[in-house]
Amino acid sequence: MTDIKSMTLSELKDEITAMGEKSFKAGQIYSWLHKHGAVSFDEMTNISKEFRSKLEKNYDIYTCTIEKKLVSVYDNTVKYLFRLHDGELIESVVMKYKYGYTICVSSQVGCKMGCKFCASGIAGFIRNLTASEILSQIYTAQKDLGIRISHIVMMGVGEPLDNFDNVMRFLSLISDENGLNISMRNISLSTCGVVSGIYELMEKKLQLTLSISLHAPNDEIRNQTMPVNSKWNVDTLLKACRDYTKTTSRRISFEYAMISGVNDSDECARELGRRLKGMLCHVNLIPVNSVKERDYKKSSDNRIAEFIKILEKFGINVTVRRTLGSDINASCGQLRRGEGPK
C-alpha cells in the first residue's frame with residue numbers, strides 16, 4: 001500500500017480526487033496527519049466512516065512506537081529508541097534550551113559512512129528512512145512529552161545526504177505552513193562530507209544551516225577517522241563549502257570532535273585556522289563521546305581552551321558544544337546497539 005504521510009498536500013489532493021472525492025478532504029487528512037499526528041484513520045473524526053474504510057484499504061500511515069525512553073536526571077534530555085513498522089530501530093533525542101525544544105532525528109537505519117569515533121555505523125547500514133518515518137520521530141516525541149518542538153537537527157543515525165530524496169521531501173513537509181510549519185532557519189542538516197550532495201543541496205538554496213562533520217585539518221588525520229575522505233578529500237570538501245556559502249549566503253557550521261592525541265594539537269588548530277580563514281563559517285568543538293568499541297578519549301578542558309585561542313587568532317568564531325544527556329548515552333547509535341529487531 002501507499003505511504004500516505006510522505007505525500008505533499010498537492011499529491012494528496014490528486015489521489016483523493018482520483019478516488020472520486022472532493023479535494024477539500026485532502027486538506028482534512030493532511031491536517032490530521034501533520035498537525036494532529038494521527039496514527040490511524042479512525043482518529044479522523046470529521047471524515048465519514050465509509051471514506052476512512054476506503055483510505056485504510058489503500059494507504060498506510062507509517063509511525064514509530066516507543067521501544068525505550070531514557071530521561072536525563074541532569075538536564076531532562078530525553079532519548080528515544082523507536083521501533084518502525086518493519087521492526088527496525090532508530091534513535092532520536094529531545095533537548096530543552098532557553099529558546100524551546102530541539103529534536104535530533106535519524107535519517108537512516110544504521111549508516112554506511114563508518115566514522116571511527118561514531119557508534120552509528122558499527123552495526124552496519126540497513127536501509128533509508130522514508131520522509132514519513134523521519135516526521136514520525138518528531139510527531140511521536142511531541143505527543144509523548146506534550147510539547148511543541150521548534151528546532152530540528154538532522155544529526156542522528158545515518159547520513160542525510162545519502163538519503164537525499166527522502167530528506168528533501170521531509171524538509172518540504174515539515175516546513176509546510178499546512179503542517180508543523182517549522183522554519184528552515186530552525187533546521188540544521190549535518191553531513192560527513194558527501195560533496196555531491198552538498199552541491200545538490202546548494203542548488204535548492206534552502207535557508208537551513210549546513211553542518212559539516214570535518215573533525216580533522218588534513219587528509220592524513222581525516223583518512224584515519226573518516227572513510228568518506230578517500231572519495232572527497234579535505235580540499236575538495238572545503239571548496240564545496242566555499243561554493244555553498246557564496247551561492248546561498250548561509251554560514252556553514254564545522255563540527256570538530258576533539259580527540260586526545262589525534263586532532264587536538266596546536267599545529268592542528270593552526271592548520272585548521274589557515275584553511276577556514278575568510279570563509280563564512282563557525283567551528284563547533286565537540287568533546288568526543290566514549291564508545292566502547294573504540295579507544296578514543298576526549299581532549300582535556302585546557303587543550304580545548306588552547307585550541308580555541310589559536311582559531312580565534314585567525315578570526316574564526318568558535319563554540320564548544322554543550323554536553324546534554326551524558327547519563328543516558330544521548331549521542332548517536334549508543335542505544336540502538338543494545339537492542340535488535342523483533
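The values are calculated or read from the model by the stated rules, or taken from the named source; none is laboratory data. Only a predicted model underlies this, so the values are computations on that prediction, with no experimental measurement involved. All Cβ positions, glycine included, derive from the backbone under ideal geometry; neighbour counts span all protein chains shown.
Quick notes on this one:
- Just one residue in the set Arg52, Arg83 is touching an Asp or Glu at 6+ places or on another chain (Cβ under 7 Å) and without any contact (Cβ under 8 Å) to a residue 12 or more places away in the chain; that residue is Arg52.
- Residue within region 312-326 that is in contact with a strand residue (DSSP E or B) (Cβ under 7 Å, 6 or more places away or on another chain), modelled with pLDDT under 80, assigned to a loop (DSSP other than H, G, I, E, B) and on the phi > 0 side of the Ramachandran plot present: yes
- Enumeration of residues in region 196-253 that are of a type in the set (Gly, Ala, Ser) and in contact with a strand residue (DSSP E or B) (Cβ under 7 Å, 6 or more places away or on another chain): Gly197, Ser211, Ser213, Ser253
- Criterion violated by Gly179 - all others in (1) surrounded by fewer than 16 Cβ atoms within 10 Å (Cβ to Cβ); (2) in contact with a Leu (Cβ under 8 Å, 6 or more places away or on another chain); (3) within 17 Å of Lys35 (Cβ to Cβ); (4) not polar (S, T, N, Q) satisfied: (1)
- The set of residues from region 108-127 being more than 24 Å from Ile221 (Cα to Cα) and either β-branched (Val, Ile, Thr) or not assigned by TED's automatic domain parsing to the domain that holds Leu81 (or both) comprises Val109, Ile126.
- Just one of the listed residues (Arg270, Arg274, Arg250) is under 19 Å from Cys192 (Cα atoms) and of a type in the set (Lys, Arg), and it is Arg250.
- Complete set of residues in region 251-301 that are basic (Lys, Arg) and either modelled with pLDDT under 95 or crowded, with 20+ Cβ neighbours inside 10 Å (or both): Lys292, Arg294, Lys297, Lys298
Listed here are the residues, each with its yes/no results for (1) touching a Leu at 6+ places or on another chain (Cβ under 8 Å); (2) over 20 Å from Arg322 (Cα atoms).
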residue: Lys98; (1), (2): no, no
residue: Val105; (1), (2): no, no
residue: Arg148; (1), (2): no, yes
residue: Asn163; (1), (2): yes, yes
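- The residue list Asp219, Asp243 contains one member that is more than 18 Å from the chain's Cα centre (by Cα), under 25 Å from Ser299 (Cβ atoms) and not small (Gly, Ala, Ser), which is Asp219.
- Residue match in region 258-265 (condition: hydrophobic (A, V, I, L, M, F, W, C), in a helix (DSSP H, G or I) and touching a strand residue (DSSP E or B) at 6+ places or on another chain (Cβ under 8 Å)): no
- So Leu189, is it farther than 20 Å from Ala305 by Cα, touching a residue at least 12 places away in the same chain (Cβ under 8 Å) and in contact with a Pro (Cβ under 6 Å, 6 or more places away or on another chain): yes
- Residue match in region 183-203 (condition: part of a loop (DSSP other than H, G, I, E, B), of a type outside the set (Ser, Thr, Tyr), assigned by TED's automatic domain parsing to the domain that holds Ala131 and surrounded by fewer than 21 Cβ atoms within 10 Å (Cβ to Cβ)): no
- Residue match in region 242-250 (condition: in contact with a Cys (Cβ under 9 Å, 6 or more places away or on another chain) and surrounded by 20 or more Cβ atoms within 10 Å (Cβ to Cβ)): no
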